[in-house]
Structures are given as C-alpha cells and as structure tokens.
1. With an 8 Å cut-off on Cα pairs and a minimum separation of 6 or more residues, tell me the relative contact order of the chain in percent.
2. Hey, what angle do you get for helix 67-81 against the long axis of the chain, alpha-carbon based, 0 to 90 degrees rounded to 10?
3. By how many nm would the segment from Ile30 to Glu62 grow when fully extended, if each residue of separation counts as 0.36 nm and the alpha-carbon distance is taken off?
4. Figure the gain on full extension for Ala111 and Lys90 (residue separation times 0.36 nm, minus the Cα-Cα span) and round it to one decimal in nm.
5. Multiply the residue separation of Arg103 and Tyr51 by 0.36 nm, subtract the distance between their alpha-carbon atoms, and state the gained length in nm to one decimal.
6. From Cα coordinates alone, what are the radius of gyration and Dmax values for the chain in angstrom?
7. When we measure straight from the Cα of Lys3, which lysines land under 23 angstrom away, once same-chain ones fewer than 8 places off are left out?
8. Give me the dipole magnitude in Debye, nearest 20, for the range 2-111 about the Cα centre, with unit charges on the beta carbon: positive for Lys and Arg, negative for Asp and Glu.
Amino acid sequence: MKKIEAVIRPFKLDEVKEALLEVGIRGMTITEVRGYGRQKGHKETYRGSEYQIEFVPKIKIEIVVDDSISEKVVDSILSTAKTGQVGDGKIFISDISDVIRIRTDESGPEAL
C-alpha cells in the first residue's frame, strides 16, 4: 500500500477530487495548510501598504491506496493540479505497512 500526500493550490481541489473519483478513490483526507517553497511567498498591497505573505495557503490531500492503482492516482493528481506556474505543489509517496479499519477490525487492503 502507498500513502500519497499532495500539496496543491486551493482552487484546484474540486478538479483533483473529481479526477480521483473517476479513478475509483472513495475517501481522502483534506487539510488546509500554509507553507512556501521556491516562491518564498509573495507581496500584496492593502490600503496602500505593501506587505510580504511568507506562508502561502495550500490544500493537502492524503490518500492511502493499493499499490496497483497508486500510479493512476499520481497521474490523475499531476494532470489536474498542474498550472505550469511556480507554486503548483508537490506529491509525496510513502510505503504503508498496514492499515486497520477501527469499526470492523479489518486490516490490509480490505480496510481501505
């Protein structure tokens, strides 16, 4: 099993969610996060004063999937979240040794 964590632009969430539903993803965890990478934030003007926004708002999507569909999931996120601009985000892929559904005590891929 793989855990896929994608940090994307907030306005891309609905597109990515729809694409993941088409691939067969039935559940995901979404978190509103803030951070910066190479872009190091941006400047905004408010009432004539310019100030630096160091931590840019992003959305973090977490999904645990069977190895057999992990590539499809990553491709789906890549194709829908990409704008071609700095700040599109990142995808992190980790191995998961086990998962347990609390309600039924199922474990492994059946618990997904």
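1. Once divided by the residue count of the chain, the mean separation gives 42 percent.
2. So the inclination is approximately 20 degrees.
3. 10.9 nm
4. Additional length available on full extension: 4.9 nm.
5. 13.8 nm
6. 16.8, 58
7. Excluding near neighbours in sequence, the set is Lys12, Lys17, Lys58, Lys60, Lys72, Lys82, Lys90.
8. For the range 2-111, the charge dipole is close to 620 debye.
We did not get these values from a lab; they are worked out from the coordinates using the rules stated. For clarity, every value in this text was computed on a predicted model and none was experimentally measured. Don't worry about glycine lacking a Cβ; one is built from the backbone with ideal geometry, like all the others, and counts go over all protein chains shown.
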